[in-house]
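Student: There's a structure below that I have some questions on.
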């Protein structure tokens, strides 16, 4: 908060109603408590790196899709290829325009 804004707040204190003063006091107490609370523990990295998706897994996913593709949003069978990402083919529903990885 800038010095000017803080001075405006201080100058407005005499015109505040008792209910407003109580709300301001509660907000100040909460802010002081939050500022003095200990910092949260930093997140630790996983002990084991995540395994990359194996080529056979991608092949399994693609084979499953080839059977009967269907949009999970509108259940339409009008699906078209829409590029690829992370070694997985992407598809787009022609009916509802939803885009998905291999999940159709």
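The values are calculated or read from the model by the stated rules, or taken from the named source; none is laboratory data. All of these numbers come straight from a predicted model, not from anything done at the bench.
This table checks each residue for (1) over 27 Å from the mean Cα position of the chain (by Cα); (2) at pLDDT 75 or above.
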residue: 52; (1), (2): no, no
residue: 68; (1), (2): yes, no
residue: 80; (1), (2): yes, yes
residue: 83; (1), (2): no, yes
residue: 92; (1), (2): no, yes
residue: 97; (1), (2): no, yes
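Student: Another question, then. Hey, can you tell me all the residues within the range 80-100 that are on the phi > 0 side of the Ramachandran plot and outside any loop (DSSP other than H, G, I, E, B)?
Tutor: Residues of the range 80-100 that are on the phi > 0 side of the Ramachandran plot, as a first pass: 83, 86-87, 97.
83, the sole residue that qualifies.
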